[in-house]
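Take a look at the structure set out below.
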Amino acid sequence: MPKFVYDFTEGNKDLKDLLGGKGANLAEMTNLGLPVPPGFTITAEACRYYLEHGNLPEGLADEVNAHLAALESAMGKKLGQSDDPLLVSVRSGAKFSMPGMMETVLNVGLNDESVHGLAAQVGGTETERERFAWDSYRRLIQMFGKTVLDIDGDLFEDAIEDVKRARGSDNDVDLTADDFRKLVERFKTIVREQAGREFPTDPREQMDLAVEAVFNSWNAPRAILYRRQERIPVDLGTAVNICSMVFGNMGMDSGTGVAFTRDPASGQQGIYGDYLQNAQGEDVVAGIRNTVPLKDLERIDKASYDRLLEIMETLENHYRDMCDIEFTIERGKLWMLQTRVGKRTAAAAFRIACQLLDQGLIDVDEAARRVTGDQLAQLMFPRFADRVDGVRKLTKGMNASPGAAVGKVVFSSERAAELARAGEDVILVRRETNPDDLAGMVAARGVLTSRGGKTSHAAVVARGMGKTCVCGAEELDVDVKNGQFTAPGGVTVREGDLISIDGTSGDVYLGEVPVEDSPVVRYFEGELAAEEGGDLVKAVDRIMRHADERAALKVRANSDNPGDSARARRFGAAGIGLCRTEHMFLGDRRQLIEKLVLAADGTERQAALDALEPLQKSDFEGIFEAMDGLPVTIRLIDPPLHEFLPDITELSVRVALAGDEADEKDRRLLEAVNRLHEQNPMLGLRGVRLGLAIPGLFGMQVRAIAEAAAARRSAGGDPRPEIMIPLVGAVQELEAVRDEARAILAEVREATGVDVPALIGTMIELPRAALTAGQIAEAAEFFSFGTNDLTQTTWGFSRDDVEASFFGRYLELGIFGVSPFETLDRDGVGRLVRIAAEEGREARPGIKLGICGEHGGDPDSVHFCHEVGLDYVSCSPFRVPVARLEAGRAAI
Ligand code: ADP
Ligand code: MG
Ligand code: MG
């Protein structure tokens, strides 16, 4: 049988899985010889058992008895003993800190008798002692009532307010022993009325019930929500710490506070924290009374202040990191109640890592480990200035894609593009977006939707583009037809009104909030030299250099135009991993695709292709130029053709309404749209299938690539094209396209007299491709894992359909901790990637392997790619620095 209970002297900081963060660090501090009130920890394993079986594991009671007995004999008093009670706190504490999400009960052990014992044992005048004891008692009933008995906390707060009002004060320091005695009676009545039982007076029963309540608080709705947001696994459970009480509410020579060893917002060294005299721990957080800055403690109690600073230094040196601390002073004696490596802002993380590096506390590998790609991403988004005057907050949606955007409201993709062309900043507001809104999203500064979650179309696409997005702002009623939306409070916002959206917080404002450029981006852009950028930019520069040095993976960018390519290069991209050629068919060129689809015969088709070719060629030339000397992987057209055609419903209506008058072209178009209509376009005529079904289409693209490369070469450039065939499932498909491509490359070589070698490879995005990778590698010079489609086809999920409908439920049930479209599913999709990588290499040693799905910019997925030994990841230009950092961290 496992050991379920650890004394604080038995644990250490590395036992977080078992003891939770709080318990592990209480043990660590105890063993460092710091003043921690004695106690013990019940493991998270016991909690897991309890949550699974609904009862406590066998043997736990005996262990708790033994540890409680030991604690009692060490303290020389018994739990709740009437003449001199031992009191304890029962505190939650999981592996990952979940601030305020779970429960804690203080002063366990008090009842109608021991409250007198407590009063008799403490110092001070009789009034002071009485006041302290009854205050402690009412706190117990209040916390116990809320936490263990599930009573609405407001009932207790209201009762306190009543007493304060009667006393004519708004400060609980003015309340007397008598007031608290009355409150205890009132609270007991509340318990009786609300819970249908008496407040338990048996100290041991209090403790046991509190332990179970803490276990149960793991599944409190807010804890569940917090875990989902923070990607904390659902099944860890929480440990419970039983800690002997110390009292910050014994008078003005007592108090409680929190402290940071450095500023968690900026990383600067100094004295940061808050202190509250004559109070118990939860008062500080609850904000009932105004705290004083920690610095003031020096004046209030110099000895404790000096001791605290000494301990803070000990902790920083010991943890080699910024720590945060909870402490209590009982009559001039300092007690440590909690410490942990402190949460910090992204900027502080970079600064602190470099400060510790300078102090020699950590090495540069460790400094890189101390920051994350997500933090870097946060530093790259433009942000709103702190002051928000004269603007009204409309609502809060989901913070889908960070950044700050200000612009005029528009409700359609067309209008967005139109106004943007006229030089206006716009925010595209929709109920939800779909692929038709792409142009509008590109044109807009930001996107706001009233429906859909963090993995909705709007969110995913916006993140990919590095565009600010707030989604699922459900309080908004978006009325696209009438060009307006309404917000709570009856505010109506019309097209053309200015709004500001904060993709980092999800806040939506009416009016303009000033936006600031991120210095980190200006540094990556080369506009700001590292030396001139202040300590944050210097820290980023230092860590990025090290990451690049360590990285085994290269980082390429997904880009289909020269501007993005150039930016990606400035951001450190080692080439293009995915150039989507279909993006070049949007806008005005749509008509050419229509012609292609409507072509009645080979001649008409060829004419359409001939019109497209020079356009494609010039696109490619621009990209080759921006990426001169670096590989550019160009994917031949992938999506089904109907995506480029008008909407079937709209068109049918138009034709039907026109009746006999209908445009001949519209009629033919409708016919074509109907012909191309598919039940499951994702699994239909697309990718390589399109290339094989529509003669000349792929050939036109290959020719454009070859001619662009030849032109660049003739102009003295160094183009490095790689031609990529999408959606291959069988080597035969690839062979057919490859042979055609080779022939065209040879023709162009012949015609231009310029020889530009081009690799021909394939996407691996179907399970069959992964499983037959050995065969496919015979015909492919490189593989690029298209993990978006591979995830869709492996799970059988249609991304656009599943994310809004049942993913929330799946996350709740813990079927996955994070959407497999955000972070690569290692067990399933990852397994296919491994198999394909292995078998591909076996068949063709040295075959180039990369990944080009959304996952290429996701930190966890980058680590996976490193483990599998891919050559590169490819992600959106804006994510390139993030992926570079993670590629380095993965190699450390
Ligand atoms: P949280 O995880 O929400 O911070 P804690 O378990 O740390 O919850 O407890 C809440 C408050 O009660 C904290 O301010 C803490 O310092 C205080 N506290 C907890 N245990 C004790 C104790 N044994 N003596 C005095 N104060 C305590
Ligand atoms: Mg705490
Ligand atoms: Mg694909």
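The values are calculated or read from the model by the stated rules, or taken from the named source; none is laboratory data. Being a predicted model, the structure only gives us computed values, none of them experimental. Glycine also receives a Cβ, built like all others from the backbone with ideal geometry; neighbour counts cover every protein chain displayed.
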Exercise. Going by the conditions given, is residue 101 within 15 Å of ligand 1 (Cβ to nearest atom), surrounded by fewer than 23 Cβ atoms within 10 Å (Cβ to Cβ) and closer than 23 Å to residue 253 by Cβ?
Worked result: no
For this session: Please state which one of 28, 58 is more than 12 Å from ligand 1 (Cβ to nearest atom), of a type in the set (Asp, Glu) and either within 22 Å of residue 227 (Cβ to Cβ) or modelled with pLDDT of 95 or more (or both).
Result: 28
For this session: Name every residue in the range 784-833 that is hydrophobic (A, V, I, L, M, F, W, C) and within 17 Å of the chain's Cα centre (by Cα), in order of residue number.
Result: 807, 811, 816, 818, 821, 824
Seminar exercise, completed: Those residues of the range 422-439 which are exposed (fewer than 14 other Cβ atoms within 10 Å of the Cβ) and modelled with pLDDT of 90 or more amount to 422, 423
For this session: Identify all residues within the range 154-199 that are hydrophobic (A, V, I, L, M, F, W, C), under 13 Å from residue 144 (Cβ atoms) and touching a Phe, Trp or Tyr at 6+ places or on another chain (Cβ under 9 Å); write none if there are none.
Result: 156, 184, 187, 190, 191, 199
Problem set entry | Among the candidates 545, 569, 556, residue that is crowded, with 20+ Cβ neighbours inside 10 Å, assigned to a helix (DSSP H, G or I) and among the charged types (D, E, K, R) | 569
Exercise. Checking residue 458 against (1) more than 19 Å from residue 392 (Cβ to Cβ); (2) part of a loop (DSSP other than H, G, I, E, B); (3) at pLDDT below 95, which single condition isn't satisfied?
Worked result: (2)
For this session: Might you check whether a residue that is part of a strand (DSSP E or B), out of contact with any helix residue (DSSP H, G or I) (no Cβ under 9 Å at 6 or more places or on another chain) and closer than 14 Å to residue 382 by Cα occurs anywhere in the range 471-484?
Result: no
Problem set entry | residue 353 being closer than 20 Å to residue 313 by Cα, among the hydrophobic types (A, V, I, L, M, F, W, C) and in contact with a helix residue (DSSP H, G or I) (Cβ under 9 Å, 6 or more places away or on another chain) | yes
For this session: From 771, 745, 734, 766, grab the single residue that is touching a Leu at 6+ places or on another chain (Cβ under 7 Å) and either surrounded by 15 or more Cβ atoms within 10 Å (Cβ to Cβ) or under 20 Å from residue 870 (Cβ atoms) (or both).
Result: 766
Seminar exercise, completed: Restricting attention to the range 186-231, the residues that are assigned to a loop (DSSP other than H, G, I, E, B) and more than 30 Å from residue 399 (Cβ to Cβ) number exactly 7
Exercise. Which helices (runs of 4 or more DSSP H) does the range 1-116 wholly contain that include 3 or more residues that are among the small types (Gly, Ala, Ser) and more than 16 Å from ligand 2 (Cβ to nearest atom)?
Worked result: 60-75
Exercise. Which residues, taken from the range 737-772, are among the hydrophobic types (A, V, I, L, M, F, W, C) and within 16 Å of ligand 3 (Cβ to nearest atom)?
Worked result: 737, 763, 764, 766, 769, 770
Problem set entry | Condition broken by residue 317, with the remaining ones in (1) within 16 Å of ligand 2 (Cβ to nearest atom); (2) out of contact with any helix residue (DSSP H, G or I) (no Cβ under 9 Å at 6 or more places or on another chain) satisfied | (1)
Seminar exercise, completed: By my count, helices (runs of 4 or more DSSP H) wholly in the range 619-705 with at least 2 residues that are modelled with pLDDT under 90 and either among the hydroxyl-bearing types (Ser, Thr, Tyr) or within 39 Å of the chain's Cα centre (by Cα) (or both) are 648-658
For this session: State whether the residues of the range 740-756 include one that is under 36 Å from the mean Cα position of the chain (by Cα) and either not β-branched (Val, Ile, Thr) or not in a helix (DSSP H, G or I) (or both).
Result: no
For this session: For residue 573, state whether it is within 19 Å of residue 876 (Cα to Cα) and among the hydrophobic types (A, V, I, L, M, F, W, C).
Result: yes
Problem set entry | Filter result for residue 367 (part of a helix (DSSP H, G or I) and more than 23 Å from residue 230 (Cβ to Cβ)) | yes
Seminar exercise, completed: Taking the range 659-682 and keeping residues surrounded by 15 or more Cβ atoms within 10 Å (Cβ to Cβ) and in contact (Cβ under 8 Å) with a residue 40 or more places away in the chain leaves 669, 672, 676, 681, 682
For this session: State which residue pairs qualify: first residue assigned by TED's automatic domain parsing to the domain that holds residue 299 and more than 28 Å from residue 346 (Cα to Cα) and inside the range 253-279, second residue within 16 Å of ligand 3 (Cβ to nearest atom) and in a strand (DSSP E or B) in any location, beta carbons under 9 Å apart, and separation of 6 or more residues or different chains.
Result: none
Seminar exercise, completed: Among (1) assigned to a loop (DSSP other than H, G, I, E, B); (2) within 16 Å of the chain's Cα centre (by Cα), residue 361 falls short only on (2)
